[in-house]
Amino acid sequence: MKKYEKDGIPFVPPLHVGDHVVYNPTHEMLVAAGYSPSEEPQTAGGQPKVYRFDKYKIVVALGDQWEQRKEQLIAAGLYDMFIAAPYLSTADPFFQNVYDGLTPEEKSILHRHCRYMGGA
């Protein structure tokens, strides 16, 4: 299945069309709603698009769930890496593996609320 996104935010079902909810929208419905297809995020050079996420915004977005995620990081021996990183990037092979394992809903939260807007 093709992936769709609008303004850099991946589509996560269902699609709301007026008063209707569509769980399996067609290509035409998604395009009409402003989404565009993309097999893989690519840059102009053909490389995968790199996304960066602000750690503070992640903690805020997780809210009460942060403590559980923090404990998971500690148990996996990754909390120090999380603290040391200025941001999380899909260019980092470790985080790319974590990112690939996220649900579409989790990715949507990252893209909507946690984008890193700092300098390069």
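Only the coordinates and a few stated rules stand behind these numbers; no lab work does. The model shown is predicted, which means the values in this text are computed figures rather than measured ones. Virtual Cβ from ideal backbone geometry, glycine too; neighbours counted across all protein chains shown.
For the pair N24 and A76, the difference between a 0.36 nm per residue extended length and the Cα-Cα distance amounts to 15.1 nm. Among E106, E5, E71, sorting on how many other beta-carbon atoms sit within 10 Å of each Cβ, with the fewest leading, yields E71, E106, E5. In the calculated pair-distance distribution of the stretch 52-113, the portion above 18 angstrom amounts to 31 percent of the Cα-Cα pairs.
With bins 10 Å wide beginning at 0, the percent of Cα pairs of the chain falling in each bin runs 11, 39, 30, 17, 3. Label sites at A85 and S36, each approximated as a point 7 angstrom past Cα along Cα to Cβ, lie 2.8 nm apart. Were the residues from H16 through R112 laid out at 0.36 nm apart, the gain over their Cα-Cα distance would be 32.8 nm.
Taking 21 Å as the limit for the C-alpha separation, the pairs K55/K107; K3/K57; K3/K70 exceed it in the case of K3/K57; K3/K70.
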